[in-house]
Amino acid sequence: MGDNTLVLGQRLSEWCGHGPAPEEDIALANIALDLIGQTRLWLDLAGNREGLGRDSDMLAYHRNPWDFKNLLLVEQPNRDFGVTMMRQFLFDTWHLETLRILSHHTDKDVRGIAQKSSKEVTYHRARSTNIVIALGDGTEKSQLRMQSALNRLYPYVGEMFMTDKDDLIDMAALRPRFDAHLSATLNKATLTKPESEFYHKGGKTGTQHSEHLSHILATMQSLPRSYPEAKW
Amino acid sequence: MVEGRPSTSVVWKWLADVPDPEIPAISLLDLGVIRDIQWRADTLEVTVTPTYSGCPATSLINFQIEAALSARGIQKLTLKRQIAPPWTTDWMSDAGCKKLEAYGIAPPRSTGSPKQCPRCKSNSLEEISEFGSTPCKAQWRCKDCLEPFDYFKCI
Ligand SMILES: [Zn+2]
């Protein structure tokens, strides 16, 4: 969970100062901020449970790409605003369903972070859903771009519902609610779900990240790795 | 300097004078982020809950609590971060909501939208963006006086 929010938060922050409108710029920066805040909670907990004295900064800045367990979807480049918002919509939809279930987890720390995060993510999903609808059901050009964004990113959806030994919950069980929100939204957005259910995998297990992860980590980690004693 | 150890109710009163760093019109108590104040032996423990996980004001809030209490003579202080139960706008005081509106920010409402324009009180409003100048606010506009304004989102 922490690696997903970290990598996506970092990705979204690349938009800061480049948004298509001031409101969108501010919104993306705020969402990135929420995600980075959630990262701190998740990775501090992970470090605490690991018991080796690593905190969230240590885990964020001093691990190599193959140690990251984020979904392939979140490391995909921003490309245009349409791709960014489609990626956000797919992630938010999955994220909210995951947090809803984790909000009832038996571990009270996990439950606490999930309950806190789901309040924020409710707003994220409402916004990305509205934008996908507005741009999909927009002009001919915006519709085309949103459809091509969906075609590009849909092959990263399947991985979100794979369950492995690190998962606290059965991820496949979240698929029906995800699919329901997806089809309702695509329907309103006049977009068509690609026919092929093929999907890439290897992000959440860390075995086969795309080349994009190394680049984003290089940007994010270069300062603390070059100057390990650097302080704010 | 404080003579002896102040009671926790006195400390609550002191914190009612500490403004929120982002919205100085309201205090930290109005915002509802101070959850508990306890003495643990000779150390004062203040439990603070963040509004949003990534809110940059969180560290500033902690700093202001430290500064305010140290000015009152508290020497041993620990700040405890508590995220569960999560902060909710229901914890904002009624006085705080009134101060927010007077300051030009529409207070949170469970309906998810502001009641009226904080300037001209018109009910004819439209949303500009779900996110405003900070994660806790959305941007709205009044269709009568045409002024944009911040709305404190209900979470
Ligand atoms: Zn007005």
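The values are calculated or read from the model by the stated rules, or taken from the named source; none is laboratory data. Fair warning: this is a prediction, and the values are worked out from it, not measured in the lab. No Cβ is skipped: glycine too gets one built from the backbone with ideal geometry, and neighbour counts run over all protein chains shown.
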Among the residues in the range A:129-140, are any within 12 Å of chain B (Cβ to nearest Cβ) and touching a residue at least 12 places away in the same chain (Cβ under 8 Å)? yes
Please work out which residue is nearest to the other protein chains (Cβ to nearest Cβ), limiting yourself to the range B:100-155 and to residues that are within 10 Å of the ligand (Cβ to nearest atom) and in contact with a helix residue (DSSP H, G or I) (Cβ under 9 Å, 6 or more places away or on another chain). B:PRO118
Just the residues that are of a type in the set (D, E, K, R) and either out of contact with any Ser or Thr (no Cβ under 8 Å at 6 or more places or on another chain) or modelled with pLDDT under 95 (or both), please, taken from the range B:128-149. B:GLU130, B:LYS137, B:ARG141, B:GLU147
In the range A:76-106, anything of a type in the set (Lys, Arg) and farther than 18 Å from A:ASN151 by Cα is listed as A:ARG100
Can you pull out every residue in the range A:89-115 that is in contact (Cβ under 8 Å) with a residue 60 or more places away in the chain and outside any helix (DSSP H, G or I)? A:HIS105, A:ASP107
Give the range A:10-31 a look and list any residue that's facing another protein chain (nearest Cβ under 8 Å) and crowded, with 21+ Cβ neighbours inside 10 Å, or say none. A:ALA27, A:ASN30, A:ILE31
Tally of residues being within 14 Å of another protein chain (Cβ to nearest Cβ) and either within 12 Å of the ligand (Cβ to nearest atom) or aliphatic (A, V, I, L, M) (or both) across the range B:84-99: 1
Given (1) in contact with a strand residue (DSSP E or B) (Cβ under 7 Å, 6 or more places away or on another chain); (2) within 16 Å of the ligand (Cβ to nearest atom), identify the lone condition not met by B:ARG81. (2)
